[in-house]
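Participant: Pasting a structure below so you can have a look.
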């Protein structure tokens, strides 16, 4: 069984209906067993709620308090550091030393090719080694009498 | 004409025929008398006054045979080219072109650094002389030399059919295997070059010259119509160099390199360059053409072409 005026019963109990409407609903509730039962349920629930004894939970209260008092999050780039002066001085000194050591390398021009002597070990072992004749001189060509050439 | 006159004319004709036949015989006889030339190529190590032969090779071919000696080791490379010409049957003119490349060291990035050298020499020697090539110069007690000794052989340079005999190489390089190599070829050294300027396909100027292979020569193009002022006052000229196209290509292929310019007015030694270091490949006897329409500034309008015709010179 149901009645479409049951919802208004709650409003009537809460005193939220106009006087004339409250009067009509009172007459209806008197005649309607569903609404009458609903009114009885609502009144019982109200009594129970009023009779409930509130016991505060201290831990929950502290958590809630901490949550409320927690500062708003600050972006990393807006955070501030507080460093003792001696630590700050050491950090500045270390940065200065690093710049002094690295900067000349960054601005230095590429060094010219460094000639490295040929490594004899590079010479092929498979071929006749001509390097022992090479003293860095220019090639030369000339004519000579045949006898001198074959000497 | 009287009988006496006819007889005289017949005698003159007969005499001319005899002289012509004699000339032909002389030319053929001169060719038949030409002998092959042999070049003995010996590489020698001289240490403490002691000679030690490292390799021995012979290149033999008709007069005009060219040869190339290559040395290649880990640090050193040499290309020595010898263009030979027989002079008066008793001497040789040898144009030697030496190119060396020496590994000088390595860079900080371990890249190889080379020292390169190019030399050209013209040597004249009799058959009693030899060419001494010192690839590494004279320094040091341990010296490496290449001795090239020419000799006339008894072998004919031309076959009975008139064909030239091919060059031949024999080499004993047991100690220098992989280090020395020798190549030889017989190709013309002199060319008759004819260079023409064509306007709309018609020849308007021409120049001729006999050029030695691998030596630059100037060919001035004279106008065929002497009244043509634009080509008479400042004629076109070509500085032309001919070279073998590639060692392994047909001998009749030539690499043509040239500069084209207008010769300065008399008294003024200024050239007006039109083209610099243009190159092409020509076949002996065939035409090689270049379109100058966009380049020959200052010449009258029309399709301008430069035509080369190169033929081996008759010797």
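Participant: Quick one: in the range B:185-214, of everything that is crowded, with 19+ Cβ neighbours inside 10 Å, closer than 30 Å to residue B:67 by Cβ and modelled with pLDDT of 90 or more, which residue is farthest from the chain's Cα centre (by Cα)?
Facilitator: B:193
Participant: (1) at the interface with chain A (Cβ under 9 Å from one of its Cβ atoms); (2) farther than 22 Å from residue B:168 by Cα; (3) modelled with pLDDT of 90 or more: which one isn't true of residue B:116, the others all being true?
Facilitator: Answer for residue B:116: the failing condition is (1).
Participant: Moving on. Of all residues in the range B:124-152, which are more than 8 Å from chain A (Cβ to nearest Cβ), touching a residue at least 60 places away in the same chain (Cβ under 8 Å) and in a strand (DSSP E or B)?
Facilitator: Those that are more than 8 Å from chain A (Cβ to nearest Cβ), touching a residue at least 60 places away in the same chain (Cβ under 8 Å) and in a strand (DSSP E or B): B:145, B:146, B:148, B:150, B:151, B:152.
Participant: Inspect the range B:102-123 for any residue being touching a residue at least 60 places away in the same chain (Cβ under 8 Å) and in a loop (DSSP other than H, G, I, E, B) and give the result as yes or no.
Facilitator: Our first condition is that a residue be touching a residue at least 60 places away in the same chain (Cβ under 8 Å); within the range B:102-123, this holds for none.
Within the range B:102-123 (the criterion being touching a residue at least 60 places away in the same chain (Cβ under 8 Å) and in a loop (DSSP other than H, G, I, E, B)), the answer is no, since none of the residues qualifies.
Participant: Further question: Conditions: (1) more than 8 Å from chain A (Cβ to nearest Cβ); (2) crowded, with 16+ Cβ neighbours inside 10 Å. Residue B:155 meets all but one. Number of the miss?
Facilitator: It fails just one condition, (2).
Participant: If residue B:217 satisfies all but one of (1) farther than 22 Å from residue B:81 by Cβ; (2) more than 14 Å from chain A (Cβ to nearest Cβ); (3) at pLDDT 90 or above, what's the number of the condition it fails?
Facilitator: Every listed condition holds for residue B:217 apart from (1).
Participant: Does residue B:175 satisfy the criteria of being at pLDDT below 95 and within 8 Å of chain A (Cβ to nearest Cβ)? It would help to see each step written out before you state the result.
Facilitator: Numbers: at pLDDT below 95: yes; within 8 Å of chain A (Cβ to nearest Cβ): yes.
Criteria met by residue B:175.
Participant: Step by step: first the residues of the range B:62-81, then only those that are within 16 Å of the chain's Cα centre (by Cα) and in contact (Cβ under 8 Å) with a residue 60 or more places away in the chain, then the one that is surrounded by the most Cβ atoms within 10 Å (Cβ to Cβ). Which residue is that?
Facilitator: First, the residues of the range B:62-81 that are within 16 Å of the chain's Cα centre (by Cα): B:62-68, B:80-81.
Right, trim to in contact (Cβ under 8 Å) with a residue 60 or more places away in the chain and you get B:62-68, B:80.
Values: B:62: 20, B:63: 19, B:64: 21, B:65: 27, B:66: 22, B:67: 23, B:68: 17, B:80: 23.
Going through the qualifying residues, I end up with B:65.
The values are calculated or read from the model by the stated rules, or taken from the named source; none is laboratory data. Not measured: the values here are computed from a predicted model. Virtual Cβ from ideal backbone geometry, glycine too; neighbours counted across all protein chains shown.
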